[in-house]
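The values are calculated or read from the model by the stated rules, or taken from the named source; none is laboratory data. Since the structure is predicted, the reported quantities are computational estimates derived from the model, not experimental observations. Reconstructed Cβ throughout: ideal geometry from the backbone, glycine too, with neighbour counts over all protein chains shown.
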Amino acid sequence: MKTHLGRRPFTAMELHALFNGYIYSDSKISREQPKHWHFWLPVLAYYTGGYSDEISRLTLNDIIKIDSNLYFHFHTHGKIKSRLVPIHTGLIDAGLIVFTDYLKKQNQNRLMYDLPAKSGRYSEKVRIWFSGEGERSGYLQKCRIPNIDHDGRKAAISSFRLNFEEQIRIFAIQAKNKDAFHYLLGFNEYTLAEFNNSQLLTNVVNQLRPLSAKISWQRFVAREKV
């Protein structure tokens, strides 16, 4: 068995497979026990670059409006800095606002409310669902994506952050503002507590390659059993 040499970003073909898998189709699979977080966590990870535990802790109070733009306030990771990440239009198109209205009607505050914590953390439950464990296949395997590629690099839920990082680096450099890159990733290279140009952050993040226009939370909820 190969030992992995670290995480890697997903390829374009793998992203296509993941976001055209059964979670984002019109049908449930046999024995599936769908949860809202199954739909949202991969999409949020791609569009925000957040770690799974950070995303899992987001609440309605962490959705901030500045001028006419919406942002997620990430502030729960002990090793990377607090930051405001613009909410990409792809998340709005996927039904994020409709979902937040649903949460309010259910008297829920945490976005991933149906994801339970394990030993005080959410990431372990996410890891098992996404990457599998032992004989149990994860969403990766069900989309026919190997955990470890031929170069020995590992794919995991955190691979979405690497996709985000790759793209944001390019767009920030094109905007002649490397600080935007460091800030959006929560890196210590950005030494200030806040970023003084929120519109620039929105412009940078909205350049992320959009996922399939078919991704819809309403579609996920309406799926039928095969």
Looking at the structure I just gave you, is Tyr122 farther than 28 Å from Asn188 by Cα, touching a residue at least 12 places away in the same chain (Cβ under 8 Å) and surrounded by 14 or more Cβ atoms within 10 Å (Cβ to Cβ)? no
Could you list all residues from the stretch 80-104 that are of a type in the set (D, E, K, R) and more than 18 Å from the chain's Cα centre (by Cα)? Asp101, Lys104
Could we say that Ile92 is without any contact (Cβ under 8 Å) to a residue 40 or more places away in the chain and either under 20 Å from Leu211 (Cα atoms) or touching a strand residue (DSSP E or B) at 6+ places or on another chain (Cβ under 6 Å) (or both) here? yes
Expected output for the stretch 150-174 (first residue free of Cβ contacts under 8 Å to residues at least 60 places away in the same chain and within 16 Å of Pro86 (Cβ to Cβ), partner buried (at least 20 other Cβ atoms within 10 Å of the Cβ) and not aromatic (Phe, Trp, Tyr), Cβ below 6 Å, 6+ apart or cross-chain) is Gln167/Leu208; Phe171/Val204; Ala172/Ala180; Ala172/Val204
Members of the stretch 23-62 that are over 23 Å from Gly186 (Cβ atoms) and assigned to a strand (DSSP E or B): Ser27, Lys28
Has the stretch 105-114 got any residue that is under 17 Å from the mean Cα position of the chain (by Cα), over 26 Å from Phe187 (Cα atoms) and not polar (S, T, N, Q)? yes
Working carefully through the options Gly132, Gly138, Gly152, find the one that is over 17 Å from the mean Cα position of the chain (by Cα), within 19 Å of Asp53 (Cα to Cα) and not charged (D, E, K, R). Gly132
When the stretch 147-166 is checked residue by residue, the ones that are under 30 Å from Asn203 (Cβ atoms) and in contact with a Gly (Cβ under 9 Å, 6 or more places away or on another chain) are Phe160, Arg161, Leu162, Asn163, Phe164, Glu165
Which residues, counting only those in the stretch 65-89, are exposed (fewer than 14 other Cβ atoms within 10 Å of the Cβ) and touching a strand residue (DSSP E or B) at 6+ places or on another chain (Cβ under 7 Å)? Ser82
Look at the stretch 97-151 and say how many of its residues are closer than 18 Å to Leu18 by Cβ and acidic (Asp, Glu). 1
Go through the stretch 175-226 and give me each residue that's in a loop (DSSP other than H, G, I, E, B), surrounded by 12 or more Cβ atoms within 10 Å (Cβ to Cβ), among the aliphatic types (A, V, I, L, M) and free of Cβ contacts under 8 Å to residues at least 60 places away in the same chain. Ala175
All but one of (1) touching a residue at least 40 places away in the same chain (Cβ under 8 Å); (2) assigned to a helix (DSSP H, G or I); (3) not β-branched (Val, Ile, Thr) hold for Tyr71; state the number of the condition that does not hold. (2)
Can you tell me which of Lys79, Lys104, Lys65 is modelled with pLDDT under 95 and either basic (Lys, Arg) or part of a helix (DSSP H, G or I) (or both)? Lys79
I'd like to check something: does the stretch 77-86 contain any residue that is without any contact (Cβ under 8 Å) to a residue 40 or more places away in the chain and under 18 Å from Leu184 (Cα atoms)? yes
Count, please, the residues in the stretch 4-43 that happen to be surrounded by 17 or more Cβ atoms within 10 Å (Cβ to Cβ) and without any contact (Cβ under 8 Å) to a residue 60 or more places away in the chain. 0
